[in-house]
Amino acid sequence: MLRVLFALVLLLLAGVVLLPSPVEPEAWSPPPPPPLEGPLAPNEALRDAALIAEGTVHGPEDLAFDRQGRLYAATAEGKVKRLSADGKLEDFATTAGRPLGIRFDARGNLIACDLGKGLVSIDPAGRVSVLTTEAEGVPFAFIDNLDVASDGSIYFSDASARKAVRLFHQALRPGGYLFLGHAESLSRITDAFTPVRFQGAMLYQKPEAA
């Protein structure tokens, strides 16, 4: 039996070595980097940048400007905040979900990818309506970013957060931690991790093996 197994291994190795490969690799050398001049020249343009609405807007995922130059931000608490040029901050709309990517259409409606609600439209008065929760019969998994074309067509991405989180969970050792961005949360995706608060941030720990 061992001889037969050994012979099969030898045949397999011979096939790997002798059979022609469908892949023909070629060497590639990157071009020299461009000089750090002109638009690429080092500068300190952001040195005087200041935080906007610090401590009052939590987890802004995306930004958009309307025709009046007002700034809109989708926040972690399920609201869209509006900041005027004079510094006035107000609640523009509440989706009762988690708005992520936002863009204005030609009619002044704010289109938003909302985790939990789907693709929604918010009119200039802040009224929220759901456009759709699925595409071709398949429910959205993690609708997160979009753009609106000049003809009104909406293009958006739907990333499967559950699949990605499942792969992270499989890759982590028991007791390991998953770090997410400030605006991200696993609360509606999985209960396979234990939330752990650490110095103002939320970490997610894979439970120790029983």
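Given the condition touching a helix residue (DSSP H, G or I) at 6+ places or on another chain (Cβ under 9 Å) and modelled with pLDDT of 90 or more, answer yes or no: does some residue in segment 34-41 qualify?
yes
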Could you tell me which of the residues GLY69, GLY78, GLY87, GLY59 is under 30 Å from ILE122 (Cα atoms), surrounded by fewer than 18 Cβ atoms within 10 Å (Cβ to Cβ) and touching a residue at least 60 places away in the same chain (Cβ under 8 Å)? GLY59
Looking at (1) exposed (fewer than 10 other Cβ atoms within 10 Å of the Cβ); (2) at pLDDT below 90; (3) of a type outside the set (Gly, Ala, Ser), which one does LEU8 not meet, given that it meets all the others? (1)
Exception for GLY108 within (1) at pLDDT 95 or above; (2) not in a loop (DSSP other than H, G, I, E, B); (3) not hydroxyl-bearing (Ser, Thr, Tyr) falls at (2)
Tally, over segment 115-134, of residues that are crowded, with 16+ Cβ neighbours inside 10 Å and at pLDDT below 95: 3
Report yes if GLY152 is farther than 21 Å from GLY78 by Cβ and outside any strand (DSSP E or B), otherwise no. yes
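The values are calculated or read from the model by the stated rules, or taken from the named source; none is laboratory data. Keep in mind that this is a model prediction, so the values were computed, not measured. A quick note on method: Cβ atoms are made from the backbone with ideal geometry, for glycine too, and the neighbour counts reach across all protein chains shown.
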